[in-house]
């Protein structure tokens, strides 16, 4: 399985990748992108099975990335890993086509819960 981790913080990308391994998803091919625009090009070139994206990033936010993917009919499992976890943000994410949202700070268990539902 190919996973794309999208976050403007390289430290956060590393934490997400480490948590993926700890949650039992370490055997996957994991790639990284530093913002939504880089991620969009990467997805167009090689469709991943799963995208894990931050909400707030420069150049193109996570929600803008998701909207662009859906507008281009690119169907990929998409989840947010973000501090933005208000009910309004969750509703907006769901309406845009997100499969799940993991709140920061996250835990191994939160990854297991969210990902087991979409990766089975």
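The values are calculated or read from the model by the stated rules, or taken from the named source; none is laboratory data. Predicted model, so just to flag it, every value in this text is computed and none were measured. Using ideal geometry, Cβ is built from the backbone for each residue, glycine included, and neighbour counts are taken over all protein chains shown.
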Just one listed residue, out of 74, 63, is touching a helix residue (DSSP H, G or I) at 6+ places or on another chain (Cβ under 9 Å), within 20 Å of residue 119 (Cα to Cα) and either surrounded by fewer than 14 Cβ atoms within 10 Å (Cβ to Cβ) or at pLDDT 95 or above (or both), and it is 74
Residue count, segment 15-33, condition more than 13 Å from residue 81 (Cα to Cα) and over 12 Å from the mean Cα position of the chain (by Cα), comes to 10
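Is there a residue in segment 100-118 that is part of a loop (DSSP other than H, G, I, E, B) and either more than 23 Å from residue 15 (Cα to Cα) or within 10 Å of the chain's Cα centre (by Cα) (or both)?
If we filter segment 100-118 for residues that are part of a loop (DSSP other than H, G, I, E, B), which is where we start, we get 104-107.
Going one step further and asking which of them are either more than 23 Å from residue 15 (Cα to Cα) or within 10 Å of the chain's Cα centre (by Cα) (or both), we end up with none.
No, the conditions are met nowhere in segment 100-118.
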Sole miss for residue 41 among (1) farther than 17 Å from residue 1 by Cβ; (2) part of a loop (DSSP other than H, G, I, E, B); (3) more than 13 Å from the chain's Cα centre (by Cα) is condition (2)
Counted residues in segment 1-21 being in contact (Cβ under 8 Å) with a residue 40 or more places away in the chain, assigned to a helix (DSSP H, G or I) and more than 18 Å from residue 117 (Cβ to Cβ) come to 1
